[in-house]
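The values are calculated or read from the model by the stated rules, or taken from the named source; none is laboratory data. Predicted model, so just to flag it, every value in this text is computed and none were measured. Heads up, the Cβs are rebuilt from the backbone with ideal geometry, glycines too, and the neighbour counts pull from every protein chain shown. Note: areas computed on protein heavy atoms with side chains; ligands, DNA, RNA excluded. Shrake-Rupley method; radii C 1.70, N 1.55, O 1.52, S 1.80 Å.
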Amino acid sequence: MGIRPRTRTFGRRALAALALALTPMLAGASARSDNFVVEAPSAEAARQVARYAEHYRTVIARQWLGQELPDWPTPCSIRVTLTGGEAGGVTSFGFAGGTVADQEIRLEGRLDRILASALPHEITHTIFASYFGGPLPRWADEGASLLSEDRRERLRHERFAADLLARTGGWPLPELFSIEEYPRDLMGFYGQGYSVSRFLVEHGGRQRFLAFLKDGMERGWDEATRTHYRFANARELDRAWRSWHSVASHSLDPAPSPGDAIAARTDTGASSDRGSVVFRGQSPADRASR
Ligand SMILES: [Zn+2]
C-alpha cells in the first residue's frame, strides 16, 4: 500500500458532515471519565454520554477481543450536539507508529438515539483502531460497527443491503474488500458491509473475523478466506454470502447488540430518517505503517 496524503472522507451525507463541522460548540458542560472527556449542551447529557461511552467501551471490547482494553493514556474527546433528529456520528483518528495518536468523536442528534446507535457505533471504531493500530478496510470497519447498533438501525441496513442487491447486484466481495474510499452509493456500501460482516460473524465468531481482516490486509483476501473460512477463495465466499443472504437476510441475529439494551430503556417511539456521517482522517504514517 503506497503512501498517500491525509484524506478527509465524508460518509453517508456530505451536507450533514459540513453542518457538523461548522456548528460552533455552544457554551455547555463537560464530563470526564477514565477514558473520555465529553462536551455537551447540558451537564446531564455530558454525564450520560460519558457513562455510556465507558459502558460500551467495556462490553464491546469484551465482545470482540475477549477482554477489556487498558485505559488509554489520553482520554478520547467526544463532542455532542443535541438536535431533535436521528443520530449521526463522526470519528477521526490519527495513527503513528502502529498506535492511535489521537482520536475524537462527534455526535449529533437526539440523546436517546445517540445512546442507542451512534455512540456504540463510534465506540466500536475506537476499539478496532486500538486493536489494529491502523485503519481497517472500510466495509469491515463500518459493517462491524453497525453490529453494535440497536435493532432498528440493523434492520434498516439489512434493507439497504437487500435494495442494493436488487438494484445492482452489489459489489463482488473481492472488489468490496479492496475499497479504500467511501463509494458514491453510501447506503448500499454500508448495507453490504453490514450484511457481509454479519454473515462472517455468524459463521465464525468475532475473533475469527478480526483475524481474517488482519490476514486479508497482510496476505490478501483469497489466502485469508482459505485460512479462516475454508472457502477456496474470496469468489467462493461471495457465492456463500449471497446464498445465505437470500435466505437469512430477513431474520436478525438472535443475540442482542450492545445498543439494544439502551434502546429498550430510552426509546420514545419516535422515528425519522437518520442523517449520519462518518469522517475518518488518515495520515501518511498510517499507510506507511500498515
Ligand atoms: Zn462508522
Å² of accessible area per residue within segment 25-136, as computed with a 1.4 Å probe and no ligands counted | 36
Using θ = phi - 60° and the Karplus relation 6.51 cos²θ - 1.76 cosθ + 1.60, list the HN-Hα couplings for segment 54-69 in order, rounded to whole Hz, with x at every Gly or Pro.
-> 5, 4, 5, 4, 6, 6, 6, 5, 4, 5, 8, 9, x, 7, 7, 7
Between 136, 225, 188, whose Cα lies farthest towards the positive end of the dipole of segment 135-225 when Lys and Arg beta carbons carry +1 and Asp and Glu beta carbons carry -1, centred on the Cα centre?
-> 188
